[in-house]
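Novice: Okay, handing you the structure first.
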Amino acid sequence: MQDFWFRLSIPVILSMLFGLLLWAIFSATAGLMFVLMVLLVLMFRNAQHLFKLNEWLKSPTLENLPEGSGNWDEVFSQLYKMVKKHIKTKQDLAAELLHIQQATAALPEGVAILNDVNRIEWFNLQAEQHFDLNREHDVMQDITYLVRQPEFIEYMQASNFSDPLMMRPARHDETVLSIKLIPYAGNKRLLISRDITQFERIEAMRRDFVANVSHELRTPLTVVNGFVENLQDMPDLSSSSARRALQLMAEQTQRMENLVADLLTLSRLENDQSTMSEEVVDIATLLNEVLHDGKLLSGEKHTLRLEIASSAKLLGNREDLYSAFANLVGNAIRYTPEDGVILLRWYERAGQPVFAVQDTGIGIAAQHIPRLTERFYRVDRSRSRETGGTGLGLAIVKHVAMRHQAKLEVLSEDGKGSTFSLVFPSKRLKQ
Ligand code: ADP
């Protein structure tokens with residue numbers, strides 16, 4: 001800094017001293033003229049450097065940086081260092097960007113960046129293939145104009161993206177995509193697409209396998225069960241141990257029959273996901289049937305009550321609803337000790353129809369509740385078996401709920417009783 005001012009002032013001071021000398025020797029005019037001349041030369045040199053700087057700023061590269069003299073030399077050398085540093089930072093950033101682009105291109109998932117109005121800002125190769133996008137025309141296009149399946153548009157307009165959308169792309173309908181939208185940085189959205197065709201194929205095979213095995217087992221089981229029943233009824237079958245063996249065989253074949261029936265129900269619910277036939281179901285009539293069957297199952301060991309607080313009917317599949325309601329009532333009976341009370345209720349809560357089963361039974365500890373709808377998940381294995389449970393009841397209830405866009409709510413206190421509620425969307429309510 002000091003250097004800078006020193007170098008700047010030296011010519012001025014020297015010219016002034018020399019000007020004074022000329023003043024003393026010749027005249028004041030000569031002295032002033034000399035100083036003026038020197039100042040003009042200095043101004044001209046500064047103007048020259050300013051001009052060079054201005055020209056250079058129009059296309060600033062390291063190669064064409066001008067050379068300067070005096071203080072300008074230092075200014076240009078500072079500029080040189082600055083530009084060099086800037087170029088290095090730019091190169092580093094470009095390399096980093098390339099690295100990120102290569103990483104996203106190598107991802108097996110499709111990734112597209114959307115702005116707040118669903119326009120595509122960027123996408124990788126997989127997204128290009130999944131959605132048939134065109135790099136030249138589709139950047140900054142609205143994705144819902146390019147991917148026009150109604151389920152996709154509905155998903156994009158929803159506000160809850162916690163569950164992925166399964167979709168078949170329009171031009172490759174043998175492919176199944178799992179699509180997820182992730183909001184980030186305030187108003188941007190990341191659209192992730194994954195090809196799950198192979199996974200879906202294996203899932204379909206598994207579902208078919210369960211359905212086929214259950215079908216295959218059903219006939220031999222019915223035959224064996226029939227024979228066992230006949231033998232049990234034969235009057236001259238005297239040996240008590242033979243009777244005991246037949247009794248056990250009958251129980252076990254019955255258990256297997258229940259299991260096969262539940263497996264078949266579950267695979268039917270899983271397999272025809274899109275083709276559920278719907279009707280307006282008179283819930284009061286349906287619940288009276290469920291109550292009647294529940295009373296038979298309980299054998300008068302419990303008090304069963306039905307409370308119908310809403311005259312609303314429900315749009316849904318009668319057979320599926322019966323199956324779900326009967327499973328909930330069956331569980332309440334099986335997990336409630338003798339003399340317990342079981343209350344079946346049909347009512348409306350904030351415009352949503354609800355079916356609830358409340359029992360005074362053994363209850364469920366909180367840590368088990370999130371897992372109850374898993375297949376074969378049981379809190380107490382032996383109690384489930386003793387009471388003829390298959391471990392599939394709540395899995396069936398969950399599937400029926402999903403097909404009706406309903407929610408299964410479980411409130412329970414260990415040792416005190418439970419309430420299982422199916423909360424249906426208000427759009428299914430029919431007066
Ligand atoms: P399961 O055939 O074993 O009853 P479910 O799928 O119907 O199978 O139920 C899963 C588990 O949830 C049961 O094994 C039981 O431990 C628990 N459960 C279900 N309903 C009730 C209830 N009303 N009271 C207490 N526990 C229950």
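Novice: Looking only at region 112-122, which residues are in contact (Cβ under 8 Å) with a residue 40 or more places away in the chain, closer than 11 Å to residue 146 by Cβ and assigned to a strand (DSSP E or B)?
Specialist: Of everything in region 112-122, just one residue is in contact (Cβ under 8 Å) with a residue 40 or more places away in the chain, closer than 11 Å to residue 146 by Cβ and assigned to a strand (DSSP E or B), namely 112.
Novice: Residues 394, 411: which one is under 28 Å from residue 309 (Cα atoms) and more than 10 Å from the ligand (Cβ to nearest atom)?
Specialist: Step by step, each of 394, 411 is checked, and only 411 is under 28 Å from residue 309 (Cα atoms) and more than 10 Å from the ligand (Cβ to nearest atom).
Novice: Which condition breaks for residue 127 when tested against (1) within 14 Å of the chain's Cα centre (by Cα); (2) under 26 Å from residue 101 (Cβ atoms); (3) buried (at least 16 other Cβ atoms within 10 Å of the Cβ)?
Specialist: With respect to (1) within 14 Å of the chain's Cα centre (by Cα); (2) under 26 Å from residue 101 (Cβ atoms); (3) buried (at least 16 other Cβ atoms within 10 Å of the Cβ), residue 127 is out only on (1).
Novice: Which of the residues belonging to region 397-408 are among the basic types (Lys, Arg) and within 13 Å of the ligand (Cβ to nearest atom)?
Specialist: Listed by number, the list holds a single entry, 398.
Novice: Moving on to the next point. Given the residues 75, 83, which is the only one that is assigned to a helix (DSSP H, G or I) and touching a Gly at 6+ places or on another chain (Cβ under 9 Å)?
Specialist: 75
Novice: Does residue 46 meet the test of being in a helix (DSSP H, G or I) and either of a type outside the set (A, V, I, L, M) or in contact (Cβ under 8 Å) with a residue 12 or more places away in the chain (or both)?
Specialist: Here the answer is yes, as residue 46 does meet what is asked.
Novice: Still on this model: Looking only at region 349-387, which residues are more than 8 Å from the ligand (Cβ to nearest atom) and small (Gly, Ala, Ser)?
Specialist: Within region 349-387, 350, 351, 356, 365, 366, 382 meet the criteria.
Novice: Any residue in region 416-431 that's farther than 18 Å from residue 278 by Cβ: show its pairings with residues that are of a type in the set (Ser, Thr, Tyr) at Cβ separation under 8 Å, as long as the two are six or more apart or on different chains.
Specialist: From region 416-431, the pairs are 416/360; 417/336; 417/360; 418/335; 418/412; 419/412.
Novice: Can you confirm whether residue 290 is within 12 Å of the ligand (Cβ to nearest atom) and surrounded by 16 or more Cβ atoms within 10 Å (Cβ to Cβ)?
Specialist: Here the answer is no, as residue 290 does not meet what is asked.
Novice: Are there any strands (runs of 3 or more DSSP E) wholly within region 278-396 with 1 or more residues that are under 30 Å from residue 252 (Cβ atoms) and acidic (Asp, Glu), and if so which?
Specialist: Strands (runs of 3 or more DSSP E) meeting the threshold: 352-359.
Novice: Yes or no: region 158-165 includes at least one residue that is under 29 Å from residue 114 (Cβ atoms) and modelled with pLDDT of 90 or more. Talk me through it step by step, then tell me what you get.
Specialist: Going through region 158-165, the residues under 29 Å from residue 114 (Cβ atoms) turn out to be 158-165.
This time we only want the ones that are modelled with pLDDT of 90 or more, so: 164-165.
Yes, there is a match, as at least one residue in region 158-165 is under 29 Å from residue 114 (Cβ atoms) and modelled with pLDDT of 90 or more.
The values are calculated or read from the model by the stated rules, or taken from the named source; none is laboratory data. Given the structure is predicted, the values throughout are model-derived calculations rather than measurements. Positions of Cβ are backbone-derived with ideal geometry, glycine not excepted, and every protein chain shown enters the neighbour counts.
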